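Structure first, then comments.
Laboratory data are not the source of any read-out in this text; all were calculated from the coordinates shown. Note that the structure is a prediction, hence the values are computed from the model and not measured. Positions of Cβ are backbone-derived with ideal geometry, glycine not excepted, and every protein chain shown enters the neighbour counts.
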Amino acid sequence: MPAGREKSGRFRRIFVKTPGGKTVTHYRQQKNSKAHCRDCHKVLSGVPAQSPALVAKLPRSARRPERPYGGILCSACMRKAILSKVRGVAP
């Protein structure tokens, strides 16, 4: 019978075959999803895919890129957003 914490969606089930031929269930914590661009949904580079607790322990420069819209938009969408803001056009 699994422990209460293992019944939640936080853990994924991995079925491991033992040398004796039995199949046992191991519970491993699921990996965090990667950050995506708000506009084009591309995976953002420079943003770690860690739990919020681990990201909070990182230095601020390692949490997201140090540029406007860093960690929210990819570089291509950032350029479009800045250009549209400079031109006075709605995005």
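Which of A76, A49, A35 moves most in a GNM of the chain, Cα contacts under 10 Å?
Of A76, A49, A35, the Gaussian network model singles out A76 as fluctuating most.
Using a Gaussian network model on the chain with a 10 Å cutoff between Cα atoms, which of K17, K34, K57 fluctuates the most?
Maximum among the listed residues: K17.
Between P65, P48, P19, find the one with the highest GNM mean-square fluctuation for the chain; connect C-alpha pairs within less than 10 Å.
P19
What ³J(HN,Hα) values, in whole Hz, does the Karplus curve 6.51 cos²θ - 1.76 cosθ + 1.60 give for the stretch 3-11 when θ = phi - 60°, with x put for Gly and Pro?
5, x, 5, 7, 7, 7, x, 6, 10
Per DSSP H run of n ≥ 4, the term is -39500 (n - 2.57); total these for the chain, divide by its residue number, and report the mean residue ellipticity at 222 nm rounded to 500 deg cm²/dmol.
One gets -6500 deg cm²/dmol as the mean residue ellipticity at 222 nm.
Going by amide H atoms built from the backbone, whose H comes under 5 Å of the H on L44, apart from near neighbours?
A35, H36, C37
Please turn the phi angles of the stretch 24-35 into ³J(HN,Hα) values with the Karplus equation 6.51 cos²θ - 1.76 cosθ + 1.60 (θ = phi - 60°), one per residue in order, whole Hz, x for glycine and proline.
After applying 6.51 cos²θ - 1.76 cosθ + 1.60, I find 10, 9, 9, 10, 10, 5, 5, 7, 6, 6, 7, 6 Hz.
Taking the Cα centre of the stretch 35-91 as origin, work out the dipole magnitude from +1 charges on Lys and Arg Cβ and -1 charges on Asp and Glu Cβ, in debye rounded to 20.
120 debye
Among (1) 17.6, 55; (2) 20.4, 70; (3) 11.9, 32, only one was calculated for this model; which label is it, if the read-out is Rg and Dmax of the Cα atoms in Å?
Working out Rg and Dmax of the Cα atoms in Å from the coordinates points to (2).
Report, by chain and number, residues whose modeled amide H sits under 5 Å from the one on G71, excluding near sequence neighbours (fewer than 5 apart, same chain).
It is none; the list stays empty.
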